[in-house]
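Written below as structure tokens is the structure these notes are about.
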Amino acid sequence: MARKEHWTCPYCNRDCTLGDEDIKFCEDKAYLAEDHGYAKANFKILICPSPECRKISIKAHYFTSANYDGRYKKVYEWQLIPEANAKPFPDYIPQQLRDDYFEACLIKEKSAKASATLSRRCLQGIIRDFWGIKEKNLFNEIAALEDKVDATTWEAIDSVRKVGNIGAHMEKDVNIIIDVEPEEAELLIWLIETLFEEWYIERHTREEKMKKISQIAKQKAEAKAAAKDSDS
């Protein structure tokens, strides 16, 4: 049966359906030692089916098994190419914000806490740049944002601040350790992506369409004036 997989290309950001011709595996197995059992590693290679892209993404996986019974447990995975698996965003979004987002994606697996801190920093930059809100700290800036966005979005934004604080600030009792899981850091990254799309990209798209409407009206007025001149 042919393999089908839904996938969004990290280069061109297109939603694709991948088939067997787009998904390749390189795999090997080995016996390590009596106290380590068996290991298996593979590379999963995805080829973007879009003719305009055709770029390659590679993820590596490492599995172990105590007994050679074919049942392996995944121990770790690495995103190799592209390194951060970050979405491409247009350059009308400020470079610093895109850099913080990229680094949050890059560090997510190695340090979810650091990734959450970068998402927090990126969020503060978005509020200051997009909304023009500049207060003495992020808490006050988010408070000033509350009446400008819907309640669900505002609560999620405030949650990024709270989770990001775990990485940004040490607890008074240094023995208290609160971890941030990679899946949690991934959700914060998703919120940054959503704000980029719903605020920056939608605003840009709206402005471009408004300009086109104005341009159409101008062209029609010019054509009408030209027609009157030709009749006189």
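The values are calculated or read from the model by the stated rules, or taken from the named source; none is laboratory data. No experiment lies behind these values; they were computed from the predicted model shown. Here the Cβ is made from the backbone with ideal geometry for all residues, glycine too, and neighbour counts use every protein chain on show.
Contact map, the stretch 69-90: residues that are not assigned by TED's automatic domain parsing to the domain that holds GLU202 paired with residues that are loosely packed, with under 10 Cβ neighbours inside 10 Å, Cβ distance under 9 Å, separation 6+ or inter-chain. No pairs are found. The number of residues in the stretch 57-76 being surrounded by 14 or more Cβ atoms within 10 Å (Cβ to Cβ) and under 27 Å from the mean Cα position of the chain (by Cα) comes to 7.
Considering (1) of a type in the set (D, E, K, R); (2) in a helix (DSSP H, G or I); (3) farther than 18 Å from ARG98 by Cα, the lone condition that GLU135 does not fulfil carries the number (2). The numbered conditions (1) more than 21 Å from ARG203 (Cβ to Cβ); (2) modelled with pLDDT of 95 or more; (3) hydrophobic (A, V, I, L, M, F, W, C) are all true for TRP154 except (1). Selection of the stretch 77-98 for residues being at pLDDT 95 or above, in a loop (DSSP other than H, G, I, E, B) and surrounded by 11 or more Cβ atoms within 10 Å (Cβ to Cβ) yields ILE93, PRO94. What residue, among those in the stretch 22-40 that are under 26 Å from the mean Cα position of the chain (by Cα) and not hydrophobic (A, V, I, L, M, F, W, C), is surrounded by the fewest Cβ atoms within 10 Å (Cβ to Cβ)? Checked the stretch 22-40; the qualifying residue surrounded by the fewest Cβ atoms within 10 Å (Cβ to Cβ) is LYS24.
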